[in-house]
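To keep things clear, I will list the structure first and then write my remarks on it.
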């Protein structure tokens, strides 16, 4: 004997005839387009070592190698063609490999960023924190003398990253670098620790959902 699977409407009519009871309403489905925000980031690694108390370093990057934008949004259920905005939203830092001295500090730290060998733009100035223990990411204030220009430059790189991911040609290479300098204390002993900065970004695209009215 075949099993017949009746649609909900038919089952409802049968139930009404047999029992006289009411029938649940069948909702209609409507397509709605909504915006979805997705987060991503670029992390740069730095090593601080030496008996000199004035330290610094540079880390270079290729933005399109570090962030696979199409994959990031695909994992969130968004097609790259439906992304319409990408923006830098902040900086964070952390110590990953602490100094042997638990009292180690890094002070007077300035951080700058550059695109494709251009001028270094100071985005952070004068920050300080401990480096004698590992900790998770902490927010950095954008206190540098060139902070506004640096943010504009980063957003320009992100716009070109999106343009490239959508099949266009960036206005300039997506190569960049970040440079830091600072003072280590206490003095008179070797410094040896690793730390990172993270550039956080927001990506906004559209998705279509089937929702009951």
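Rule-based calculations on the coordinates, nothing more; no lab input. Because the structure is a prediction, the values reported are computed rather than measured. Glycine also receives a Cβ, built like all others from the backbone with ideal geometry; neighbour counts cover every protein chain displayed.
Once you have the Cα-Cα distance between residue 43 and residue 105, take 0.36 nm times their residue separation minus that, and quote the gain in nm to one decimal. Each step should come with its number before you reach the end.
Values: separation 62, 0.36 × 62 = 22.32 nm, distance 2.14 nm.
Roughly 20.2 nm would be gained on extension.
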Gap separating the Cα centres of region 61-95 and region 126-186, nearest whole Å = 14
request  = Run through all the Cα pairs of region 29-212 and give the fraction in each 5 Å bin from 0, expressed as whole percent.
outcome  = 2, 8, 15, 18, 16, 13, 10, 7, 5, 3, 2, 1, 0, 0, 0
remark   = Quick calc: nm separation of the 7 Å Cα→Cβ label points for residue 96 and residue 119 -> 3.2
remark   = With the label point 7 Å along the Cα-to-beta-carbon line of residue 141 and a cut-off under 20 Å to each amide N, the hits in region 188-207 are 197-200
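Could you tell me whether region 105-165 comes out rounded, prolate or oblate from its Cα gyration tensor? Rule is a ≥ b ≥ c as square roots of the eigenvalues, rounded for a/c under 1.5, then prolate if a/b exceeds b/c, otherwise oblate. Before the final figure, lay out the partial values.
Details: a/c = 2.74, a/b = 1.79, b/c = 1.53.
Taking the square roots of the gyration eigenvalues as a ≥ b ≥ c, region 105-165 is prolate.
List the relative contact order of region 29-212 as a percent without decimals, with contacts defined as Cα pairs under 8 Å and 6+ residues apart. The partial results should precede the final answer.
Numbers: 441 pairs, mean separation 83.0, N = 184.
Relative contact order comes out at 45 percent.
Listed highest first by mean packing, meaning other Cβ atoms within 10 Å per residue, what order do 118-124, 137-143 come in?
Numbers: 118-124: 18.3, 137-143: 14.4.
With the highest mean Cβ count within 10 Å placed first, the list reads 118-124, 137-143.
Efficiency by 1/(1 + (r/R0)^6): what FRET value for residue 204 and residue 152, r their Cβ-Cβ distance, R0 = 22 Å, to the nearest 0.05?
Numbers: r = 19 Å, r/R0 = 0.84.
So, using R0 = 22 Å, E works out to roughly 0.75.
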